[in-house]
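The values are calculated or read from the model by the stated rules, or taken from the named source; none is laboratory data. None of the values given here were measured: they were computed from a predicted structure. Cβ sites come from the backbone with ideal geometry, for glycine too, and all protein chains shown count toward neighbours.
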Amino acid sequence: MDQPAQPVVRHLDDCPTESWSSPERGTVAWWELIGGDTMPTEELTLGIAEIPVGAVPPPRGHRHDASEVYLIVGGDGEVVIDGRAHPVRTGSAVWIPADAEHYAHNTGRTPLRLVYAFARDKFSDVHYEFPGG
């Protein structure tokens, strides 16, 4: 008989910082808190992302094969989905359908922080596509 999964508590400072910073992808850092790459979950990936003040947005967004949810937990900005900008601020929630081209842009005076979530076992199971390759 399989043992039931045990609860796991992770703190932001327990997670390695991952990031992108390029003209094509923009500038963002993120920390994966929950996901099958780091613990025995099979249904959810969740983390925190941060876009710094003054970061230049990419010319186009990215796509992936999984729906995504953002919960804005700090700052002001906009989330551009399929070319349409949606203003966001602390407390905003955004649902992004699978395969929609999107990115988040910081328009405020403090870092734009968001919680992201995928209904996928692992972050590595989310397949990203960027314009031009």
Among (1) under 17 Å from E32 (Cα atoms); (2) modelled with pLDDT of 95 or more; (3) in contact with a Lys or Arg (Cβ under 7 Å, 6 or more places away or on another chain) - the single one L112 does not satisfy: (3)
Residues of region 95-119 being within 13 Å of the chain's Cα centre (by Cα) and in a loop (DSSP other than H, G, I, E, B), in sequence order, are A119
Inter-residue pairs, beta-carbon under 9 Å, first part of a loop (DSSP other than H, G, I, E, B) and in region 14-43, second surrounded by 13 or more Cβ atoms within 10 Å (Cβ to Cβ) and among the hydroxyl-bearing types (S, T, Y), 6+ apart: C15/T38; R25/Y103; G35/T41; G35/T45; G36/T45; D37/T45
Of all residues making up region 44-59, the number that are β-branched (V, I, T) and not in a loop (DSSP other than H, G, I, E, B): 3
Working only within region 50-79, note down all residues that are within 15 Å of T27 (Cβ to Cβ), buried (at least 19 other Cβ atoms within 10 Å of the Cβ) and modelled with pLDDT of 95 or more. E50, I51, G75, G77
Just checking, does region 78-85 include any residue being within 30 Å of P7 (Cβ to Cβ), outside any loop (DSSP other than H, G, I, E, B) and either of a type outside the set (A, V, I, L, M) or touching a Gly at 6+ places or on another chain (Cβ under 8 Å) (or both)? no
Looking at A85, A66, A98, which is the one that is of a type in the set (A, V, I, L, M), touching an Asp or Glu at 6+ places or on another chain (Cβ under 6 Å) and under 17 Å from K122 (Cβ atoms)? A98
